[in-house]
Amino acid sequence: MGSKKLGIALLTIVLSALAATAHPDRALASRGMLVGLYDPVQPIAAPEKTFALYSKLRVRVMRMDLNWGASVAKKRPAHPADPADPAYDWDQYDKLVLNARKHKIQVVFTIFGTPRWANGGKKPNRAPKKMVYLRQFAYAAAKRYSGTFKRADGTVLPSVRRWMAWNEPNNPVFLRPQWAIAGKKKIIPLAAKNYAQMCTAVWQGVHATHVKETVACGATDPHGNNRARGHRPSIAPLTFLSALKRYGLRHFDVYAHHPYYSRPGESPTAQPKAKTAVTLGNIGVLIHLLTRLYGHKQLWITEYGYQTRPPDRHFGVSWKNQARYLTKAYTVARRNPRISMMLWFLLRDEGRLSGWQSGLVTVGGRHKPAFNAFRRLRH
């Protein structure tokens, strides 16, 4: 089937199925908030140790990047909507979902990273040339992890019911370019314009499987300077959300955001100094705008954390404060009926100081006080 015909077929399936598609997070809002972790490395690099720690921490849900270009589809598939196409390499993700099922943990997959063959040979933080490429991949991924897909070896893979489209698309690290300048005065938030199409493609592809999935758009960075002509232009989260509506984003199930602190002295309830930032302390402004633009959709916090000092002397807080802030942050989020999930970033500190040290465990394996604080949370 040609790409154009397949795209039309998938869209038709989506629209016909929507009336029957329930969203588990709507029901979840009345039962309690999902508590979990996001560590993009350890569950794959050291699964035995990691899942043992997840069990000790009573993790209910984990997030993992499903890297479209760098892992699964380095080569262009002949049949991109077929999860069994030989160009696809799902091996590490099959192992992950099987481990998660063994430990009774739900998975959130983030579809991220454009293959070079899909964006003209550019880096993975560039949008695909044709959104049908992304839609077909999202369908193939959701089909493989629908709960009914049987591998050649007879293994029926577990289901994944929660999905995210990209990561921090208002941050140039993850999606470029952020802005386009047309003439002397007109500037266009190009990342938002592109992302409106990207999230639509993921939503359509995932929901074409006819099972009860939830697809999140957003996953926005808490900051953004709105300086199109600056040395590192980015888009503030409220500006980004407004632009999504303006550029035609119509369909998504929940919105996601990463309300990190702005300064080490900033507690989870503190108001950020930057007027354009959306942290946990002023998360209400994002929820208010989301309600005005899209109604009463749920919000996922798919990344949150405090780095520690040691080892980060510049942006870290003490180990004691990390534990205290973790407990406070989850209390704040749980009190908000619109927040149905909150994931801590990371399990284990990154080894490089230029990375993140918000783990519950040090690089050497020592448990910080935040480890037990997380374990004591109501899960």
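The values are calculated or read from the model by the stated rules, or taken from the named source; none is laboratory data. If you're wondering where the values come from, they're calculated on a predicted model, not measured in any experiment. Note that each Cβ is placed from the backbone with ideal geometry, even for glycine, and that neighbours are counted across all protein chains shown. Keep in mind that these areas ignore ligands, DNA and RNA; they rest on the heavy atoms of the full protein, side chains included. Shrake-Rupley method; radii C 1.70, N 1.55, O 1.52, S 1.80 Å.
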- Query: Where the only charges are on Cβ atoms (+1 Lys, Arg; -1 Asp, Glu), what is the dipole of the range 98-235 about its Cα centre, to the nearest 20 debye?
  - Reply: 360 debye
- Expected field for Glu350, accessible surface area in Å² at 1.4 Å probe radius, rounded to 10, holds 50 Å²
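Restricting to bridges with both residues inside the chain, how much of the DSSP beta-bridge set is antiparallel, in percent to the nearest 5?
Details: 6 of 41 bridges.
Among the beta bridges of the chain, antiparallel pairing accounts for roughly 15 percent.
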- Rounded to one decimal in nm, the spacing of the 7 Å Cα→Cβ label points at Thr155 and Thr239 is 4.6 nm
- Note on the structure: Plugging the Cβ-Cβ distance of Ile181 and Asn282 into 1/(1 + (r/R0)^6) at R0 = 25 Å yields, to the nearest 0.05, a FRET efficiency of 0.25
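Might you tell me the accessible area per residue for the range 301-367, computed with a 1.4 Å probe and given in Å²?
Value returned for the range 301-367: 44 Å² of accessible area per residue.
Around Ala329, with a cut-off of 14 angstrom between Cβ atoms, what is the net charge of the other residues, counting Lys and Arg +1 and Asp and Glu -1? Present the calculation step by step, with values, prior to reporting the outcome.
Details: positive: Arg324, Lys328, Arg334, Arg335, Arg376, Arg378; negative: Glu266, Glu303.
That works out to +4.
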- Of (i) 59, 58, 40; (ii) 81, 46, 41; (iii) 85, 61, 46, which one was derived for Cα extents along the principal axes in Å from the structure shown? (i)
- DSSP beta bridges in the range 220-379 [antiparallel fraction, %, rounded to 5]: 10 percent
- Note on the structure: Quick calc: nm separation of the 7 Å Cα→Cβ label points for Arg227 and Arg250 -> 3.8 nm
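Could you report the range 190-286's accessible area per residue, 1.4 Å probe, as an integer in Å²? Mind showing how you got there, number by number?
On the way: 3400 Å² over 97 residues.
Heavy-atom accessible area per residue stands at 35 Å².
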- Query: What's the center-to-center distance, using Cα atoms, between the range 162-227 and the range 339-379 in Å?
  - Reply: 27 Å
- Item | Accessible carbon and sulfur surface of the chain relative to its total accessible area, %, 1.4 Å | 53 percent
- Query: What number, in percent, do you get for the relative contact order of the range 66-125 if the mean sequence gap of Cα pairs under 8 Å and at least 6 apart is divided by its residue count?
  - Reply: 43 percent
- Task: Pop the C-beta distance of Ala52 and Val173 into the FRET formula with R0 = 25 Å and round what comes out to the nearest 0.05.
- Result: 0.20
- Pairs Lys122/Lys143; Lys212/Lys297; Lys123/Lys193: which exceed 23 Å Cα-Cα? Lys122/Lys143
